[in-house]
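Only one structure is covered here, and it is reproduced in the block below.
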């Protein structure tokens, strides 16, 4: 993990045009919300229309009440019916306003949660469609991180946009009231709000620019938090005395971000205060103008109440409108990240895909294959050609970095060769449907993932459609010796693994490996690939596991990668790799007679056991 370089507010700065361009994603966003729950969406929209019209209605009824009181106290009016009717109507409107507000909160909450679920599922599915080479790219991972972590922001955006529509209707109704009585007040209203709006737009762009440019650094901060306070890293942290190192690294990076963010927040607050003072001056100028109109007999006291209330509410609504607008423009920039991620082109699908053979006839062939990882000029695989015959057990041997695991990744179509081709029964593997092709394989990776699920679920991952087939799960556990692990667990196959969740139990490295190996047996695939399948097992368990494995794959094609020669010597053929090339090939006995790298490595390992 390389140290990050200092970044300023000018890094990856987002301009005004980008902010407005991002608003074009909002219609697409609401299409997703509409598909999520049409009934709730329409209910929320209707409630907001009602809520938007209620403020001016309540102010108007307040005017009627005030005028009725003046009539009674000044002119001696004896009929109180108009007054009490108006009071009753205002009471009903106030209760209705509260009811509608709660209905909006309820529908937005439920709709937001449902959208949250749907958008998260889309991200998970899209991630599965994307080539692994992209997922291992840091810049792409930043894009994924922004799409994944802004889920709550997208839910807030939904509420803000719907609220903006409501505020717009409310503003329109209040403006009509002001124009009807005193149209000059609109000029003061614009003067009181517009400067604050420009200020908010400007600083929201800078806030997003800062957050975007620091995506990778924030991921590093999360990583430092994780390794600094985690049960899996605690032993090494204590043993190597890493606490001070981690604290210093975290504090340096976090403080740098804090200072940049602090500078931005202070400027935003300072300018905001100045523009709000200007808004207050405009408001009181309008208030003085209304009072003057009353004293000069231009309007009644009831109209004074209506105008002052309308102007105050309108100014508040406009502030809310512009504030929401800046939040919407800022959130829509994150929305752009989300849709950019969803729009990433999935792996190319061959329009002329051909069906896979039900049974492998001749096997696989690597023909003049070269490969370098993306954005790297270093060729990991160099002009490799060999055949894996149907039903053959082949082993890859070589020192670290020789290209063993890379060959399996190419065989699994995680990556495409830089040049050359890989054939299955004489046909390029790219001609087959990728998902169907990968169903051929049962794999235990060297860096297999430890799923903190139950034992049953961990094993069933190998063939998840058979998760309720206990007989199959138990059989896979027996073949991998995972049944011995299960017998020691309190809840058996229902035992929660790992310490992340309640009643979870951690396993040793060897126990985890047996569970992971059971996944490969669970699938019972046409081709088995085992990358260091017994590296964490003791010698006795290794011998027993491999004997069972040999029996299981008697008629299956299999690839084994291992540094333990007691394992690979039983393969039908062994490929010895060195610096991305095939150095030698043959059976154990043939390679020992060659007296080259294989014989040297075997002899060194054998001496270690003496």
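Where a number appears in this text, it was derived from the coordinates with a stated rule and is not lab data. Remember, predicted model here, so these are calculated numbers, not experimental data. Counting neighbours? That spans all protein chains shown, and the Cβs are built from the backbone with ideal geometry, glycine included.
Key figures
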| quantity | calculated |
| --- | --- |
| Peptides ranked, highest mean first, by Cβ atoms within 10 Å: ranges 508-516, 336-344 | 508-516, 336-344 |
| Among 363-370, 157-164, the order from most to least packed when residues are scored by Cβ within 10 Å on average | 157-164, 363-370 |
| Net lengthening on full extension, residue 418/residue 80 (0.36 nm per residue, minus Cα-Cα) | 112.6 nm |
| Projected label distance in nm at residue 168 and residue 316, using a 7 Å step from Cα toward the beta-carbon | 2.3 |
| Segment residue 291-residue 358, extension gain: residue separation times 0.36 nm, minus the distance between their alpha carbons | 15.1 nm |
| Approximate spin-label separation residue 345-residue 46, in nm, with each point projected 7 Å along Cα-to-Cβ | 4.6 |
| Cβ crowding within 10 Å averaged over residues, with 446-456, 518-528 ranked highest first | 518-528, 446-456 |
| Label-point gap, in nm, between residue 433 and residue 603 - each point 7 angstrom along Cα→Cβ | 5.3 |
| Stretchable slack from residue 243 to residue 98, in nm (0.36 nm times residue separation minus alpha-carbon distance) | 46.9 nm |
| Rounded FRET efficiency, nearest 0.05, which uses the C-beta distance separating residue 223 from residue 555 and R0 of 35 Å | 0.15 |
